[in-house]
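Here the structure is laid out as structure tokens; the discussion comes afterwards.
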Amino acid sequence: MAVCEGKTFKFGNASITSFASVVGKIESEGPYGDEFDEVVEDNKGGAETWEQAEAMLQTKALQHAMDKAELIPENMDLIFAGDLLNQCTGSSYGLKDFYIPFLGIYGACSTFAEALLLSASMVNAGYVDNCAAVTSSHFSSAERQFRFPLNYGGVRTPTAQWTATASGAAIVAAATEPPYIRAATVGKVQDMGINDLNNMGAAMAGAAYDTLSRHFKHMGTHPESYDLIITGDLGQVGSDLLYDLFKRDGVDIKKWHNDCGLLLYDRESQDVHAGGSGCGCSASMMCGHFLKRVKSGELKRILYAATGALMSPTMVQQGGTIPGISHAVEICYQ
């Protein structure tokens, strides 16, 4: 049975049995482009709209993950999935034809960590034999919903991040082999007072600090207890703020920290400003890069703290701020 310490859960019977990632052309041209399972060269992937293209990313990612696990839809118990679009459009349309019991979730860019946390909880409790954790994002669909139509031609500010066209999917089942999900901390909504839709890193930094701090306290660990602490997606602005927040506690987290928003793209050659973002950013990096290294034993213990800017264009237009959320998942080789 899971043990809850505050809002940190410990698991003894949950592992990630397969995982897969699908990315767009720009993402494939980044430093880790050869590690993803599939690259969709066209921005619409043959679909008629960007939203349909994003749904297709989830379809492909889940199918790859199921193929690796030698599973068919009839053998799947549950899907936790979400994305950035209204009504979780990418998830509900992308996964409907699998006809697997479906629970849609929303945590903005923290959605993949939330899906892993919920999947591990259900499997560890014995309610299901397996769960799929799936999420996606698409640059064009996100820009249209949250900022301006692409043909508006607005100038992007230095703090802006590039929404990844990408998807990640993982199958979580009873623990048989690594990567194991050993613990998870549920995030609390944090408001840093940021009201700039182009400064999500600053909006999310406080949530990452709060969740990581609570996870360390509940688990009795420190940054040096992990091979890597992986956030997604603070970008450069949010990462620098995270370092400053921990420095107030006398903790230097920078040595162990990686941010998926700073890894997915080559910021010197690709014009992504402060880095990458979107549900698919950290999901594709986890499923394309990091989980492979835990599975092989190259990484023994990582802490994945995905971060989400819970921004509502309507609320921001009314003068409101952008709350942030971060959920942490501890993934181990043993």
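The values are calculated or read from the model by the stated rules, or taken from the named source; none is laboratory data. Predicted model only: the values in this text are computed from it and were never measured. Every residue, glycine among them, receives a Cβ derived from its backbone with ideal geometry; neighbour counts consider all protein chains shown.
Tabulated data for the structure shown
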{"item": "Test result for Ile194, in a strand (DSSP E or B) and either modelled with pLDDT of 95 or more or crowded, with 18+ Cβ neighbours inside 10 Å (or both)", "result": "no"}
{"item": "Test: residue in the range 254-264 that is farther than 23 Å from Ser213 by Cβ and crowded, with 24+ Cβ neighbours inside 10 Å", "result": "yes"}
{"item": "Residue pairs meeting the criteria (Cβ under 6 Å; at least 6 apart or on separate chains; first at positive phi, in the range 82-109; second in a strand (DSSP E or B) and surrounded by fewer than 22 Cβ atoms within 10 Å (Cβ to Cβ))", "result": "Cys88/Gly104"}
